[in-house]
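Structure, as structure tokens:
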Amino acid sequence: MFYCGIDLSASTSHLCIVDENLSIHLQQKSANELPRISNLLEAFKPHLKIVVESTFNWYWLVDGLLNLGFDVSLAHTLGLWMITQAKVKTDRRDAFTLAKLLRAGVIPKAYIYPASTRPARDLLRRRLKVVSMRAHEYGSLRQLLLRAGILSSSRNEIKLAQDEDLKRWFSHPLVVLSASQQIERIELLSKQIAELEQQILGLTRNNADYKRLLRISGIGKILALTILYEVGEVSRFETVRHFSSYCRLVPGVAQSGAVSRRGRSSKQGNAYLKSAFNQAAVAAVRSYPAIRRCYERHLKRHRGSARKLVAYNVIAHKLAQAVYFVLKQGADYQEELLFGK
């Protein structure tokens, strides 16, 4: 059996192939061209396992090798401390380390998201970024108003501002020009957001899971799409605990001797799912009485400035549990099972 580690960079890749005894049979750098890389691997193909680090540009390489019939794994960067924390870090060493970890069977495997639905997921992530850019422009415009001593304008008024309002608010022509360009950027971003949403919503008209997600408290169209496409294949989560952990809704544990406390978990899991469930929790608390009562009960159990955050996280965790069973079992959402009648 042969084991290949591929250290993938922006324009080149370094390949290292070892055998059972960690003897090196290939150590070579190649341009990021699928035919070149596949030709280097072809002689070892019948008995070859490959691992690629989950870098920003892994799509073309992993998809291409899988389509050619190679046995490919994707390594999660968070678990590759032997590479990221190494004193001497080169492409050659990184590729060899990947091959050694694959030979030992200790590669922290990452999920290879299905290529067929990956564009929709990436488009939803792009929409979130565009929404964030628009919010930044709104904030900048409001800062201009506050800098000019104008406190009376509400946020909704700012969103509807026109050129006449700018001339009324600001006296200096350069400030008017700056604010006018911000409004132009806001209008452009709003148009792009509407186009993205229209395209994405058209993909899920007949999706049964999407329709079930819409029935869950606090989950609207965009949040349902985000959850559906970020989860991917729900069967990859053995239990609801694994799913909740992946959504970053349960704290880690740091235990040593008699001391046990919450561990660090800020970068472990899916940040997009955490954001989606947090937004759903806020909407559910606002609109559903039973969920509001559950939120208030947990609010009373905690003290300090973070008690609202903890209470909302409890609601988000419950909604994530509902999503897991709805997707895994194809069952309809029942609010009373989580929050009582």
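The values are calculated or read from the model by the stated rules, or taken from the named source; none is laboratory data. Quick caveat, the model's predicted, so the values are computed rather than measured. Glycine gets a Cβ as well: all are built from the backbone with ideal geometry, and neighbour counts include every protein chain shown.
Just the residues that are under 18 Å from Asp91 (Cα atoms) and either of a type outside the set (Gly, Ala, Ser) or loosely packed, with under 14 Cβ neighbours inside 10 Å (or both), please, taken from the range 24-35.
Step one: list which residues in the range 24-35 are under 18 Å from Asp91 (Cα atoms), which gives 24-33.
Ile24, His25, Leu26, Gln27, Gln28, Lys29, Ala31, Asn32, Glu33 - these are the residues of the range 24-35 that are under 18 Å from Asp91 (Cα atoms) and either of a type outside the set (Gly, Ala, Ser) or loosely packed, with under 14 Cβ neighbours inside 10 Å (or both).
Out of the residues in the range 213-225 that are buried (at least 17 other Cβ atoms within 10 Å of the Cβ) and part of a loop (DSSP other than H, G, I, E, B), state the one that is nearest to the chain's Cα centre (by Cα).
Step one: of the range 213-225, the residues buried (at least 17 other Cβ atoms within 10 Å of the Cβ) are 213, 216-219, 222-225.
So of that shortlist, the ones also part of a loop (DSSP other than H, G, I, E, B) come out as 216-219.
On the way: Ile216: 21, Ser217: 22, Gly218: 20, Ile219: 17 Å.
Here the residue is Ile219.
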Checklist entry - With (1) under 20 Å from the mean Cα position of the chain (by Cα); (2) over 24 Å from Leu273 (Cβ atoms) as the list, and Tyr210 as the residue in question, which single condition is left unmet? => result (2)
Next on the checklist: If I filter the range 201-210 for residues that are modelled with pLDDT of 90 or more, surrounded by 13 or more Cβ atoms within 10 Å (Cβ to Cβ), not hydrophobic (A, V, I, L, M, F, W, C) and not in a helix (DSSP H, G or I), do I get at least one hit?
Outcome noted: no
Checklist entry - Within the range 36-49, which residues are part of a loop (DSSP other than H, G, I, E, B) and either surrounded by fewer than 12 Cβ atoms within 10 Å (Cβ to Cβ) or touching a residue at least 24 places away in the same chain (Cβ under 8 Å) (or both)? => result Phe44
